Amino acid sequence: LFQIGDLLSNGDMGFVDLTKAIEYFSKSIKIHNGFRKIYDLNGPNKIQYEANNFRYISYNNLGLIYLIEYNDLQKAEDNLKESAFAEYPYGQNNFGLFCQFYLNEIGNAEYMFQRSSKHKFSLAEYNLGYLKEIQNKPEESIEYYIQASEHEDEQLEFRDAKYYDRRFEISRTFIICYTNLKLVEHFFSINEYKKSK
């Protein structure tokens, strides 16, 4: 259900159908636990229950659809919050951005970015660096920018579910390139040419 919702929302099939994507993400969310049959040639077959690890990724994706495509702030907040509070790093970062830009709750935004950065989520580390920069704390800002650059290649993973999102990867590449340029400028300005290079 999650995979179908993802395909319908990202345009990889040559078209986008957000109504259907919302339907499939919503169905994915309703499944708390899934099951699979384990076939044993030497004994009875068993059913093993396991958590639906795509449930909270579905919440995140729904939140982004409601925010970006429909400008429905309440549904966006509700879904992003579910994703963030379940410790999904991308959801934590997105809810932090929502707190920062839509709710003007900088303290909550910083808290969510910190939670996300504990998972080596480079965009959250960039966002922390940016917050420190506008708070006129340049040393802390540079430390977060360095972390963001170092964690650029960390794979998006949540509860053993590895997830590839082309749009996320493009955003991350752009933001980390910008971060690296900020670091070059910083180290060059203090005559640390080796680090700048």
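The values are calculated or read from the model by the stated rules, or taken from the named source; none is laboratory data. All values reported here derive from a predicted model rather than from experimental measurement. Every residue, glycine as well, gets a Cβ built from its backbone with ideal geometry; the counts of neighbours run over all protein chains shown. In case anyone asks, the SASA skips ligands and DNA or RNA and just uses the protein heavy atoms, side chains included. Shrake-Rupley method; radii C 1.70, N 1.55, O 1.52, S 1.80 Å.
Any residue that is closer than 25 Å to Glu82 by Cα and open to solvent by 80 Å² or more (accessible area, probe 1.4 Å) - is there at least one of those in segment 140-153? Taking every residue of segment 140-153 in turn, none turns out to be closer than 25 Å to Glu82 by Cα and open to solvent by 80 Å² or more (accessible area, probe 1.4 Å).
For segment 52-72, a tally of residues being in a helix (DSSP H, G or I) and open to solvent by 70 Å² or more (accessible area, probe 1.4 Å) returns 2. For residues in segment 1-21 being in a helix (DSSP H, G or I) and more than 18 Å from the chain's Cα centre (by Cα), which is farthest from Ile68 (Cα to Cα)? Going through the qualifying residues, I end up with Ile4.
Look at (1) modelled with pLDDT of 95 or more; (2) assigned to a helix (DSSP H, G or I); (3) open to solvent by 100 Å² or more (accessible area, probe 1.4 Å) and you find that Phe187 fails only one, number (3).
Among (1) among the aliphatic types (A, V, I, L, M); (2) in a loop (DSSP other than H, G, I, E, B); (3) modelled with pLDDT under 95, where does Leu103 come up short? The number of the failed condition is (3). The set of residues in segment 158-178 that are among the charged types (D, E, K, R) and exposed (fewer than 13 other Cβ atoms within 10 Å of the Cβ) comprises Asp160, Lys162, Arg166, Arg167, Glu169.
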